[in-house]
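See below for the structure under consideration.
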Amino acid sequence: MDRRDIERIARDEIIKDFPEFADVPPHIEEREMVVSDSTYEKARIRPRKPSKVWVAVFRKYFKTEDGQEIEKVIRATIDSKGKVIKITHSH
């Protein structure tokens, strides 16, 4: 998968719940998802190799009723198979 695929997947998922972000281009980073050895020990499973994920970050500024400007941030984490594994957002 390339950056365009990641952007399309993230955008499609984000727009479902946040249509006001339809015109916002995401900033995309490739990261390595690493799980600590102690976590594997607690779960009693064998350690696995770190996996590659992409994080798409959408940022947009809004004006409040009293004229203040606030930033809203939405992050979508996507695995190497193109599945959105996590979405977080600010208030």
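Placing dummy labels 7 Å off each Cα toward the beta-carbon, the span from residue 45 to residue 66 is 4.7 nm.
As a proxy for reagent exposure, 46, 11 were ordered by neighbouring Cβ count within 10 angstrom, fewest first; the result is 46, 11. Between the stretch 11-67 and the stretch 72-91, what is the C-alpha centre distance in whole Å? So the separation of the two Cα centres works out to 3 Å.
With the gyration tensor restricted to C-alpha atoms of the chain, the semi-axes of the equivalent ellipsoid amount to 31, 17, 10 Å, longest first.
Straight Cα distances below 29 angstrom link residue 52 to the lysines 16, 42, 60, 72, 81, 83, 86, with same-chain residues fewer than 8 positions distant left out.
Between 0 and 90 degrees, the angle of helix 3-17 with respect to the longest Cα principal axis of the chain falls at about 60 degrees.
Amide H to amide H, with H built 1.01 Å from N, residue 51 comes under 5 Å of 33, counting only residues 5 or more places away or on other chains.
Distance between the pseudo-spin-label points of residue 23 and residue 1 (7 Å out from Cα toward the beta carbon): 2.8 nm.
Read the figures in this text as sums done on the coordinates, not as results from a lab. Predicted model, so just to flag it, every value in this text is computed and none were measured. Because the Cβ atoms are built from the backbone with ideal geometry, glycine has one as well, and the counts that use them run over all protein chains shown.
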